[in-house]
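K.L.:
First, the structure itself, so that you have it in front of you.
The values are calculated or read from the model by the stated rules, or taken from the named source; none is laboratory data. Since the model is a prediction, treat every value here as computed from it, not as a measurement. In this analysis, Cβ positions are derived from the backbone assuming ideal geometry, glycine residues included, and neighbour counts consider all displayed protein chains.
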């Protein structure tokens, strides 16, 4: 087990380095010149060249990449071209807020998604199931911007139960978490439902019923734990889903996370920030998958780790 | 960003709305205000900040030698008590006021002025505003990294600074009023190093009290400010990272006072249709023009008749209607509030039939296919689609390329990539209220280079020469003649039709009613969007 | 009897099997509804030029109110107009083409790829599995948006690029879930029995593993339609894929979502179209799964 863990960690490190290379290549290929963005529109060609020299942008690709990688491994992510502040500081200031939001959203998703999925599976083909199915599809198809504004309008403005966006207390987390989690709840509910239906149809369930075990007991102690397996696999994907939703949700609710940092950096080709955010999110995804892979055998002992 | 949104910087001469600012010097002192912004504040370093949000914030934190009367574009002395210009217009001497200090308590001296201007033009600072100081003696060598300062800036004594120019330049006083010319304390800059933008120390009416990254920035009154009774407010809080639609919701619930990004287009009609809210809306002009650039180096736009035909094909009134009347149609490069604007110029009237005829005469009876580049942020793709339809009417099939801003700018900077670009979102806004600011980078030969901003790749050496002449006309006695000269230049540009001017955006600001002041303070041409220093609170005693 | 298992007397004929499946689908009310929805959508895409009440690109003067606001549904414009005065119904009908191509084809490729990788990695395990799953991790962390921006700058926009980027992004979710499930299933007794009996790998994969994975595949396949249609909108925004004024359900929503408090029909109708399409495929998919392996029907 330990050897497996070590191997996985090494592989993860390699993947992350691979990501840095890929991202760096992509940024290199973007035709827009970051020095132009920094120099502003009134600058002369000499000023732009000078900025390129100072930032090392005229060096060959591998020189630039090597320089970045070696600094990165020493913990230095460079300075933002546009904000001039250290990238690690910029990210560190905002990451906790995004992480909090992500955890809150996952909790919301699981709570809603699993409940709905279980109910739909148990009431299969009855009106409740149909209603919930439509709900799932709507939650996946609805744009998060719209959901966010709707929730704000109803619950924050009209009912006054929550503040209109912002950050700081538990009340501030609820609406953004629900908005982000709405999408995932749809996915989880469908996955849980179909997974439950599969497990319910398996022999050991019939055997348990024949043995006279109570329905509730069968469901709680045998069906759900088995059905939950694919959900565990999905949590790793969740983090990836968040990266896209986070920009919109954070701006609608004024949530001080890395979403806006990332978006503005992409618009203005702030290469150090883009690299930093990509690395952080890639790390989160890889770690999430790693975690999921370790939890899976705990749920289903038959899965061998090699 | 300056170019993304609306900066109002009005003319050197007094313009109609600018003259009527009645700032109440006896307004009560106290209270606070909340302003919302969507984008993050990148930096508060005056040498670097060049965005929509931080431009005005820096104005409140810092002062330069020159400034403007609040709510207007009339220059006045700021930190300078006295300002004399030599006969030949090349030597400018500034004497500092008494009793001026930085936020850290130290008195401001002439050395600080030299330090600040040297810093902005220092190549290692990588300031986007360095180019504005090109008229100062020694700029070229210092900006290339030689020497240890601008030879043209000399300290005469503790309170006097002399700046020598390498050419007479009528825009110099405006440059001294730019954020980039703000005075900064050397010890604070050296202590913070590259983080000075996070820990700004200036001499403006407000000082920085708190900065939570991505959340809020708080300014509080600087008691040692050199103007009595300024600022009016005790505190200004900037809430950052808020979607404009949500900022409006907060304002309507009394949790914000001014939406820094203006009324979102999606809610504009709603707000204007509600009498209670409409009463709190202030409208103001801007020094902004939105235009289509026609690449004179790419066929068929190398043919002036084709360009004129395109000018006649666009229905500008319809486009203004599509953006709910938030602009006025334009027929020339300069906006109406800029001196040099030709009131009586007719321009190319909307006439699709005549356009088709001209196109046929130019050799394109069946029209042609081309591309129109546009920035992908609303409402620009919509405007581009409206333009597309107008072009179709005269036989031109324009395929849209709706891209991220940086990609459009990159395409414009190449001679052979973008035949047409709708400038919306990147449209030119004057850095200071002077007609010359609309020429150099976007219509002059110097801008028609790779990576340049002259996306029409228009280069008229004659006009370049005339522009240089016009800027050499320094002195108050030549001011009118200079404006006339510029007017002629822009009319001549229209003869060549490298652009299709479409509209000039108006700015609409909404207030909560908790804060008050002369309307022009809320659409301040220089201190955008509102002049934090002079607005007062109705809740103060 | 599962259609995958061969009978002792030999494999049933393919044609007869397909006809039987379709008949089964039509007999069940829900899947019949789903089939009808799909057929209607395909019909709308193919016959769009004849079905559209107006020109989808015409920015008509009557399409906007006096102050330039879009018109609500009713009258000349059955579903209302958009911010440029264009008929929404016509644009939705024309948009069916893009959405079907993206939602079905691109998504379909992603599903095939994802299921393929997932099953292979989960069944074989060992170093094959490790390499495949690490590759999946890499793709999951890949900055797809950046890739889109780069592609937009280099290439002419085209649906092909969009389809490729979408397939690249979407297959990983499927792969991981199928991988985990396969790992679990592969250890089950009945699989071991088949191995002991000497069944070939392919046989086991298709005949024994796949039926149990169908549920997840159906879920991803159908939910993926919604996700990909909306993803296409984001990609168009970045400059890849359909450029304005070509409509797609995704980009109609995307362009107009800030206006939904004043012009909700611009978000509601395309959203409903997406939901309907995904629903249609889901109903058919669910039924297919039941038909193809009746032992999976849970009855308790």
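K.L.:
Take the residues in region C:38-54 that are exposed (fewer than 15 other Cβ atoms within 10 Å of the Cβ) and touching a residue at least 24 places away in the same chain (Cβ under 8 Å), then tell me which one is farthest from the chain's Cα centre (by Cα).
P.N.:
Applying the filter and picking the extreme gives C:53.
K.L.:
Can you list the helices (runs of 4 or more DSSP H) found entirely within region A:151-262 that contain at least 3 residues being within 14 Å of chain B (Cβ to nearest Cβ)?
P.N.:
Correct list: A:170-200, A:229-253.
K.L.:
Going through A:143, A:127, A:96 one at a time, which residue ends up being within 14 Å of chain B (Cβ to nearest Cβ) and surrounded by fewer than 17 Cβ atoms within 10 Å (Cβ to Cβ)?
P.N.:
Exactly one residue qualifies, and that residue is A:96.
K.L.:
Then there's this: Would you say residue B:304 is closer than 30 Å to residue B:368 by Cα, in contact (Cβ under 8 Å) with a residue 40 or more places away in the chain, surrounded by fewer than 22 Cβ atoms within 10 Å (Cβ to Cβ) and away from chain C (no Cβ under 14 Å)?
P.N.:
So residue B:304 passes the test.
K.L.:
Would a scan of region B:492-500 turn up a residue that is under 22 Å from the mean Cα position of the chain (by Cα) and in a helix (DSSP H, G or I)?
P.N.:
yes
K.L.:
Scan region B:443-454 and tell me whether some residue there is closer than 24 Å to residue B:134 by Cα, more than 11 Å from every other protein chain (Cβ to nearest Cβ) and buried (at least 24 other Cβ atoms within 10 Å of the Cβ).
P.N.:
yes
K.L.:
Let me ask something additional. From the residues in region B:396-415 that are more than 13 Å from chain A (Cβ to nearest Cβ) and touching a residue at least 40 places away in the same chain (Cβ under 8 Å), which one is nearest to residue A:30 (Cα to Cα)?
P.N.:
Per the stated criteria, the residue is B:415.
Quick grid of which residues meet (1) surrounded by 19 or more Cβ atoms within 10 Å (Cβ to Cβ); (2) part of a helix (DSSP H, G or I); (3) within 23 Å of the chain's Cα centre (by Cα):
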position	(1), (2), (3)
C:128	no, yes, no
C:131	no, yes, no
C:137	yes, yes, yes
C:152	yes, yes, no
C:166	yes, yes, yes
C:171	yes, yes, yes
C:217	yes, yes, yes
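K.L.:
Does residue C:118 satisfy being out of contact with any strand residue (DSSP E or B) (no Cβ under 6 Å at 6 or more places or on another chain), at pLDDT 90 or above, under 30 Å from residue C:274 (Cα atoms) and within 11 Å of chain A (Cβ to nearest Cβ)?
P.N.:
Taking the combined requirement at face value, the residue satisfies it.
K.L.:
Could you identify the single residue in C:99, C:90 that is crowded, with 16+ Cβ neighbours inside 10 Å and at pLDDT 90 or above?
P.N.:
Every option except C:90 fails the conditions.
K.L.:
Exactly one condition in (1) part of a helix (DSSP H, G or I); (2) surrounded by 17 or more Cβ atoms within 10 Å (Cβ to Cβ) is false for residue C:57; which is it?
P.N.:
Only one criterion in (1) part of a helix (DSSP H, G or I); (2) surrounded by 17 or more Cβ atoms within 10 Å (Cβ to Cβ) is unmet by residue C:57, namely (1).
K.L.:
Quick check on my filter: what residues within region A:42-86 are within 9 Å of another protein chain (Cβ to nearest Cβ), assigned to a loop (DSSP other than H, G, I, E, B) and either in contact (Cβ under 8 Å) with a residue 24 or more places away in the chain or surrounded by fewer than 15 Cβ atoms within 10 Å (Cβ to Cβ) (or both)?
P.N.:
Within region A:42-86, A:55, A:80, A:81, A:82, A:83 meet the criteria.
K.L.:
Can you spot a residue in region B:429-440 that is within 11 Å of chain A (Cβ to nearest Cβ), in contact with a helix residue (DSSP H, G or I) (Cβ under 8 Å, 6 or more places away or on another chain) and free of Cβ contacts under 8 Å to residues at least 60 places away in the same chain?
P.N.:
So far as region B:429-440 goes, yes, one or more of its residues are within 11 Å of chain A (Cβ to nearest Cβ), in contact with a helix residue (DSSP H, G or I) (Cβ under 8 Å, 6 or more places away or on another chain) and free of Cβ contacts under 8 Å to residues at least 60 places away in the same chain.
K.L.:
Going through region C:185-207 one residue at a time, which ones are without any contact (Cβ under 8 Å) to a residue 24 or more places away in the chain and not in a loop (DSSP other than H, G, I, E, B)?
P.N.:
C:189, C:190, C:191, C:192, C:193, C:194, C:195, C:196, C:202, C:203, listed by residue number.
K.L.:
Any chance you could count how many residues in region A:87-129 are assigned to a loop (DSSP other than H, G, I, E, B) and in contact with a helix residue (DSSP H, G or I) (Cβ under 7 Å, 6 or more places away or on another chain)?
P.N.:
Counting residues in region A:87-129 that are assigned to a loop (DSSP other than H, G, I, E, B) and in contact with a helix residue (DSSP H, G or I) (Cβ under 7 Å, 6 or more places away or on another chain) gives 2.
K.L.:
In this structure, is residue C:174 touching a residue at least 12 places away in the same chain (Cβ under 8 Å) and more than 11 Å from every other protein chain (Cβ to nearest Cβ)?
P.N.:
In short, no.
K.L.:
If you scan region B:241-278, which residues turn out to be touching a helix residue (DSSP H, G or I) at 6+ places or on another chain (Cβ under 8 Å) and part of a loop (DSSP other than H, G, I, E, B)?
P.N.:
Selection gives B:241, B:242, B:243, B:253, B:256, B:257, B:260, B:261, B:262, B:263, B:264.
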